[in-house]
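These notes are about the structure you will find just below.
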Amino acid sequence: MFDFLFKRATETSAVPQAPAAGHEQDASAAAAAGRRDEQTQRAAALNGNEAAAVALILESEFAGVRLSAAEHVLSPPALEQVLLAVRNTDRRVAKLMQGRLDAIRYQQTELQKAQVCLDQAQRLLQDEKLTPNQVAELDRQWLLVANPGAVVDDYTGARAALARRLETQVTLQRTIIDAMAAVRKLPQAGLPAEEALQALERHAAAQSDYQNAPEHNALPRHLLSDFAQAVEQARAALTAPVKPAPAPAPEAAPAAAAKPAVAADASADPAGATAPEAAADAAASVKPAKQPKQPPKEADKKFLETLDAMETALEQGQLHIAAEHDKWLRDHKTRLSPAQTDHLNHVRAELKRLGDWARWGGNVSREELVKAVEELPAQKLPMSELAKKVGSMRDRWKSLDAVSGHAPKALWERFDAACTSAYAPAAAHFKQLADERHNNAAKAQALITETEAMTEAAANGADLKNVAAAGQRLRQMWTRLGTIDRKDKRKLDQAFDRALAHMLAPLSDQRKIEAAKREQLIAEAEALQPSDRHTLDKLRHLQERWQEQAKLLPLERKVEQALWQRFRAACDAIFAKRKESAQAADHERKAHLHAREAICKELEDATFSGEDKAQLAAIAKALKDAATAWNAGGTVPRAAEARINQRYHNAVGKVQAQADAIKRRAGAAQANALRDKLRLCQALESALASNGDAIDAADWQAKWAALPSLGNDYERALQGRFNAALAAADGKRGDYAAELERNRGKLLDEILRLEIVAGVDSGAEFARERLKMQVEVLQSSLKSGQKPQSASAAYLQLCAMPALADARTASRIEQLFRRIGASERA
């Protein structure tokens, strides 16, 4: 697009023509125009014919025709031929030829690098021991290839194959490591011996697969041997008899743990990343030693390094640096080879070309810079950013002067005016900030004056609490003043600090006194005894005193905070100790609760065997022991007190119910024996009064002996009655029978009296007698004023009274016995 820079006003031959006059000049111009048209047509008809294009370039006298024909020259030999022919005559064609030659050489170099990488990849594919660092080095070499050309497809396939091999290695290594870990865990897995051995044999069978795997040669050293050793150790542990394992030696444990760690470390990167990443990581950790470069033999090393630096600067567009390198090269000449000389000339030609461009581009850049500065006001940037922008624009202008030379005066004046206009809002803003700093300095001086006035008031006996508040207020106002000029800031700070120190001097002395009072409160709090019942009241009083003193005069924040932390720590220590005591008491109450629960459990699970008398004695002892242990125990938690008491009462009731049941059984047996003996006495008396056969005393005595003994007053009464009847059977049977008959009425009266006392129905036939008897009983009790005889005592007399009784009378006696006996048992 910049071809117009290299075109001349009129296209003429490279060889200057001698001037001619008149018609000779016109004829020469017409002939030249004809040749140009004919050669232009030939150039248009080339259509890729390189040989014809070279011939046309070599014979043409017109630069445009040569340039058109040069577009069809592509092969390196033809390019070199044309370059040698036109190097000193046609700059544009020479530059085009040189550029194409450089591009071809660069492409060939890159293609050679790509082919080297492809060959390396193919060699790695054939290598049995492929390692990630080799692939990583291959990747680094491939990154240096900018234009691989047609080799890229072959290399991509080879690289994918390498990635698959690395992935296969990672998979195989991880599989072996996991299998080895599983084998080592088998003896401690708790599986049945047969099942564990079967699992071990499966792992042992897989060992041959690991050894025959395609990538087994790339496994870490000793991994397969460690796996085999782990299999043998697991087999020995599973087949050995069970016995306590000896403690491992101190040196053996780290050594045993080191082997799996080495294997795990060797597979850490491949297992956690893709194959290329693992290769890169491994290669980064293991770098091959670089072979030292041999110093150049054909030229000075420093000269060549400077030439390379100059070429690098040109590639990066740093013309001033490249120019400095070129100046150094011109000052330090040395003998170069033809290739190095050509390279130096090419670099210098490029420097000249870029310098010409820089001079033209510098003005273009300045025009753009002026335009950018003129657009700054419309961007509404913050003032600080606007100032930075304008400053950076001026810096860029200066840098363009250094690179592209000085600018025209008119352009500079335009740029300077634009910068001044764009910077005007920032200048006004900064002026406003300066005014604010001056105002802040005036406010600071006013605060210093106010502080000095407060100092006089404090010296005249002002309230120190107000002085403290004023000091805090003045300090806060000082911190919120805003920015002040640096030259005034330090002086004002010192003046304010001196005035504030003078004002707070009385306050500082009083605060020392108050701090001593707080120290006294802390000492009193630390001297309190946590176990004292009045400690909490004293501590509460100390806290109230602390609050009162804090309200009277607050100390400095740091001092107040430190003292308060100490006082609070003393209070917390007391509460902590009381809490510990409470926890100990709670633990003791829980222990008492457990003891009482054990007592309840013992009563609930108590069983008694043996005779009734032995069971009653055992029950009485168990209840007595439980009551003694219960009363000896301490207090229990209040929440469980009602529950455990209820449980104890229920357990005692259960045991007592067993005793009551035993007593009821014994009472029932006694009642049956009493009834049977009473019936036997009544039967014997009826036999005596019947005037029948003789009485067999031995038979009646045997019947009496067959009945169980009552063992109480009833036994003695009935025994006497029975013995009296047997004694009367021997000689005084008639008299005794008469006595029995006489006692019949008395017996009926006593029965009726007992029925009245016991509340038993006497029947309809005895209603009148019962009413009469009730009146008599009531009158006798009212006259005597004595307590009437108990029903059981009256019944005992009834049982001891010998008298004849019919079936109805016997039934009434048994009914009385059931009522009176039931009340006694209750």
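Just so you know, all these numbers are worked out from the coordinates, no wet-lab data involved. Keep in mind the model is a prediction, meaning the values are calculated, not measured. Here Cβ is always computed from backbone atoms with ideal geometry, including for glycine, and neighbour counts include all displayed protein chains.
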Pull up all non-local amide H partners of Met801: gap of 5 or more, or a different chain, and H-to-H distance under 5 Å with H placed in the peptide plane. none
Taking only the alpha carbons of segment 433-503, the radius of gyration and the largest Cα-Cα distance, Dmax, both in angstrom, are 12.8, 42
According to a simple spin-label model (label point 7 Å from Cα along Cα-to-Cβ), what is the distance in nm between Asp119 and Gln432? 7.4
Dipole of segment 638-696 [Lys/Arg +1, Asp/Glu -1 at C-beta], most positive-end residue of Asn672, Gln658, Leu684: Gln658
R0 = 30 Å: FRET efficiency of Asp586 with Gln543, Cβ-based, nearest 0.05? 0.70
Please give the Cα centre distance for segment 584-655 versus segment 41-95, rounded to the nearest Å. 125
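What full-extension length gain, to one decimal in nm, is calculated for Glu560 and Leu191 as 0.36 nm per residue of separation minus the Cα-Cα distance? Don't skip to the end; give the middle numbers.
Details: separation 369, 0.36 × 369 = 132.84 nm, distance 6.75 nm.
Full extension from Glu560 to Leu191 adds 126.1 nm.
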What distance in nm lies between label points placed 7 Å from Cα along the C-beta direction at Ser225 and His332? 5.7
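Would you mind calculating the relative contact order of segment 433-503 from Cα pairs under 8 angstrom and at least 6 residues apart, reporting the percent as a whole number?
Details: 50 pairs, mean separation 41.9, N = 71.
Relative contact order for segment 433-503 comes out at 59 percent.
Tell me the net charge near Trp397. Cut-off is 10 Å between Cβ atoms, Trp397 excluded, with +1 for each Lys or Arg and -1 for each Asp or Glu.
Working: positive: Arg366, Arg394, Arg396, Lys398; negative: Asp395, Asp401, Asp416.
My count for the surroundings of Trp397 gives +1.
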Mean separation of Cα contacts under 8 Å, 6 or more apart, over the residue count of segment 301-407: relative contact order %: 28
Take the residue pairs Lys113/Lys327; Lys443/Lys558; Lys465/Lys512; Lys301/Lys327 and return only those whose Cα atoms are more than 26 Å apart. Lys113/Lys327; Lys443/Lys558
For Lys517, list the aspartates and glutamates whose Cα falls under 14 Å from its own Cα; do not include residues on the same chain fewer than 8 positions away. Asp509, Glu544, Glu548, Glu560
Calculated from backbone phi, Karplus (6.51, -1.76, 1.60) coupling profile of segment 608-620 in Hz, x at Gly/Pro: 10, 9, x, 6, 4, 5, 5, 5, 5, 5, 5, 5, 4
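Can you tell me how much longer the chain between Gln719 and Thr239 gets when fully stretched, taken as 0.36 nm per residue apart minus their C-alpha distance, in nm with one decimal?
Numbers: separation 480, 0.36 × 480 = 172.80 nm, distance 8.81 nm.
Length gained, Gln719 through Thr239: 164.0 nm.
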Label-to-label distance, nm, for residues given as Ala705 and Thr607 (7 Å Cα→Cβ offset): 3.9
For segment 509-587, what's the relative contact order in percent, using C-alpha pairs closer than 8 Å and at least 6 residues apart? 47
Lysines with Cα under 29 Å of Lys663, excluding same-chain neighbours fewer than 8 positions away: Lys601, Lys613, Lys621, Lys624, Lys654, Lys677, Lys703
At a Förster radius of 51 Å, what calculated FRET efficiency corresponds to the Cβ-Cβ distance of Glu450 and Leu143, to the nearest 0.05? 0.10
